[in-house]
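Student: Next up is a structure, given as structure tokens.
The values are calculated or read from the model by the stated rules, or taken from the named source; none is laboratory data. Everything quoted here is computed from the prediction, not taken from an experiment. Neighbour counts run over all protein chains shown; Cβ positions are idealised from the backbone, glycine included. Heads up: the accessible areas ignore ligands, DNA and RNA and are worked out on the full protein's heavy atoms, side chains in. Shrake-Rupley method; radii C 1.70, N 1.55, O 1.52, S 1.80 Å.
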Amino acid sequence: MLDYLISIMLTAGIYAIFALGLNLQWGYSGLLNFGHVAFMAIGAYATVLLGMNGVPLIFAVLAGMVLAGACGAFLGVATLRLREDYLAIVTIGFSEIIRFLLLNWSSLTRGSFGLYGYPRPLEGLVAHEDYNIVLAGIVIIVLLLVYALLEVLAKSPWGRVLKSVRDDEAVSISLGKNAFSYKVQALALGSAIAALSGSLLAFYLQYINPNNFQPIETFYAWIMVIMGGSGSNRGTIVGAILLWGFFSTTRFLEGYISFSPSASSAARMVIIGVILIGLMMFRPQGLFGRKEDLAVGK
Amino acid sequence: MENEILRIEGAIKRFGGLLAVDGCSLSVQEGTIVGLIGPNGAGKSTLFDLISGFVRPDAGSIIFSGKQIGGLPAYRIARLGLVRTFQIPRALMRMTVLENMMLGSQNQTGEMIFRPILSWGRVQAQERSIEKKAEEILKFFDLLRMKDEYAGSMSGGQKKMLEMARALMADPRLLLLDEPFSGVNPALSERLIERIKMLREKGLTIMIIEHAIPYVLALSDELYVLNKGAILANGRPDQVISDPKVFEAYLGVGFDAQH
Ligand SMILES: Nc1ncnc2c1ncn2[C@@H]1O[C@H](COP(=O)(O)OP(=O)(O)O)[C@@H](O)[C@H]1O
Ligand SMILES: [Mg+2]
């Protein structure tokens, strides 16, 4: 049972970090990133591959973040001067390109066999059976640091410009702000945060393969952000905990109900869909969102 | 002409087949208020778009305090001290009135990513002084009591006032006001006129588009009349307004609109 709670904590924590990156882009900047999982994959693979080649893990994680941040910035520069929805289309394409690249670049990634047996932090220092507890501690510390960073930035003049770009770009520009540059910055930072969550996911799973990074993961992050309330970092974390709590308890109950695995996973998605629709009807701003945030264009 | 702050020569802007601005030339002296009137669709707002860089001119030159600014990105033009407001007020709805105001301030250290953390003390000190300035300007516009409310909850007239107040946060040298009195009730408008005059006393140069002729007459040192994208008349407001050509331009449009 304790193992079970710790595994929920780990996944919820890792996905909370992942979703916080998206909340920076969507909640604070209004950017439609539908390929968030690509940056998680980049972080995971970069960290694992560099770690296997003897790079100290802290640098391997940082390298993954820099690489993902650069990719996010590149996609932003390429699309953000065009219409807004181009970013959505290009990011969703990018996430599938990354997954196919990982599947087919077998000499580097071993394709669908995946990678395992790679170094993990503090591995020699902790007994194997205690490892997940220690990793959960690391995840929670990282989560708190990311949360604190984003809270400070969101309430800072930098975050104020982001919000103004989200609300009405023309206003920011009329007041001398380079709106384009801020959008690129938000994409880069959010992508780097996704990469960080990818590194942690790799440490937790001990085995990664390209199918860990299906487009559905991106939409889990969207559900967390929307459920918690776009633009609320706290809400996003609560959204992550609720969604993983739900996944885990239903998986737990599965043992008692004679559903086939595919039927029960479909049933889960239906239930989540119904909950989301209900939430949008009765509390459209999300659990932690502010009602005023919906008063756009009024 | 030694105090000329803005000079436009032969500005042209086409939208498809429509010549919205058709070879406009004008000159603005520093520290004056210049009125811009003309029938609906004359191209007044488009001219502001050209000056502020929101729309690129197809031809012509725009010189702001000796510098050619035609073709510069709009945010760079704003940084030079040429700030515009919008005809339809654009409040940042999901931000508070105070946040709207504080955004307007220029050269904020904390607007650079990570500086709010790396230069915490400096950014906090700047924030305090920006907030103080924002409160002073809000007071000037009678909006101080609304400072913590969402801009989305303001009335149309209040949004117009906020728009002007926010532009002033940028310490502009030249302020472009597009119909600042629309939606503002008459009593408030009278006060706004006094406030705009006070800004001129402080040395600010203002270009103002306005339909209400009495307000234009009360404020302008010089008046331009735009019709079908071209300057129809300019000069002292009282002389311009009694020009039969100007009368006809307005009447013509009024007539068309009825049929
Ligand atoms: N972005 C645009 N695209 C196409 N036509 C435009 C655009 N902006 C303005 N126009 C047209 O240009 C003309 C001048 O408009 P505008 O400058 O708003 O006039 P005014 O402010 O004097 O009422 C109008 O006929 C208007 O329809
Ligand atoms: Mg207009």
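Student: Looking at (1) within 16 Å of ligand 1 (Cβ to nearest atom); (2) within 14 Å of the chain's Cα centre (by Cα); (3) surrounded by 22 or more Cβ atoms within 10 Å (Cβ to Cβ), which one does B:L82 not meet, given that it meets all the others?
Tutor: (1)
Student: Taking the condition assigned to a helix (DSSP H, G or I), under 23 Å from A:A154 (Cβ atoms), in the same structural domain as B:R191 (by TED's automatic domain parsing) and open to solvent by less than 30 Å² (accessible area, probe 1.4 Å), does B:L168 pass?
Tutor: Criteria not met by B:L168.
Student: I'd like the residue in the stretch B:1-18 that is within 16 Å of ligand 1 (Cβ to nearest atom) and open to solvent by less than 50 Å² (accessible area, probe 1.4 Å) and, out of all such residues, is farthest from B:G66 (Cα to Cα).
Tutor: Top of the filtered list is B:K13.
Student: If B:E30 satisfies all but one of (1) away from ligand 2 (no atom under 16 Å from the Cβ); (2) open to solvent by less than 10 Å² (accessible area, probe 1.4 Å), what's the number of the condition it fails?
Tutor: (2)
Student: State which residue is farthest from the other protein chains (Cβ to nearest Cβ) when the search covers only the stretch B:97-111 and only residues that are in a helix (DSSP H, G or I) and not charged (D, E, K, R).
Tutor: Top of the filtered list is B:V97.
Student: I've got another one for you. Can you spot a residue in the stretch B:81-95 that is assigned to a helix (DSSP H, G or I) and more than 8 Å from chain A (Cβ to nearest Cβ)?
Tutor: Within the stretch B:81-95 (the criterion being assigned to a helix (DSSP H, G or I) and more than 8 Å from chain A (Cβ to nearest Cβ)), the answer is no, since none of the residues qualifies.
Student: Under the condition of being within 17 Å of B:A170 (Cα to Cα) and not charged (D, E, K, R), which residue from the stretch B:113-156 is farthest from the other protein chains (Cβ to nearest Cβ)?
Tutor: Result: B:F140.
Student: Pick from A:V152, A:V146: which is within 14 Å of another protein chain (Cβ to nearest Cβ), β-branched (V, I, T) and open to solvent by 40 Å² or more (accessible area, probe 1.4 Å)?
Tutor: Checking each option against the conditions leaves just A:V152.
Student: Of (1) within 16 Å of ligand 2 (Cβ to nearest atom); (2) β-branched (V, I, T); (3) within 14 Å of another protein chain (Cβ to nearest Cβ); (4) open to solvent by less than 20 Å² (accessible area, probe 1.4 Å), B:V21 satisfies all except one. Which?
Tutor: Only one criterion is unmet by B:V21, namely (3).
Student: Would it be correct to say that B:I130 is hydrophobic (A, V, I, L, M, F, W, C) and farther than 30 Å from B:L19 by Cα?
Tutor: Criteria met by B:I130.
Student: On the given criteria, is B:I51 under 15 Å from the mean Cα position of the chain (by Cα), on the phi < 0 side of the Ramachandran plot, within 16 Å of ligand 1 (Cβ to nearest atom) and among the hydrophobic types (A, V, I, L, M, F, W, C)?
Tutor: Considered against the rule, which asks whether it is under 15 Å from the mean Cα position of the chain (by Cα), on the phi < 0 side of the Ramachandran plot, within 16 Å of ligand 1 (Cβ to nearest atom) and among the hydrophobic types (A, V, I, L, M, F, W, C), B:I51 comes out as yes.
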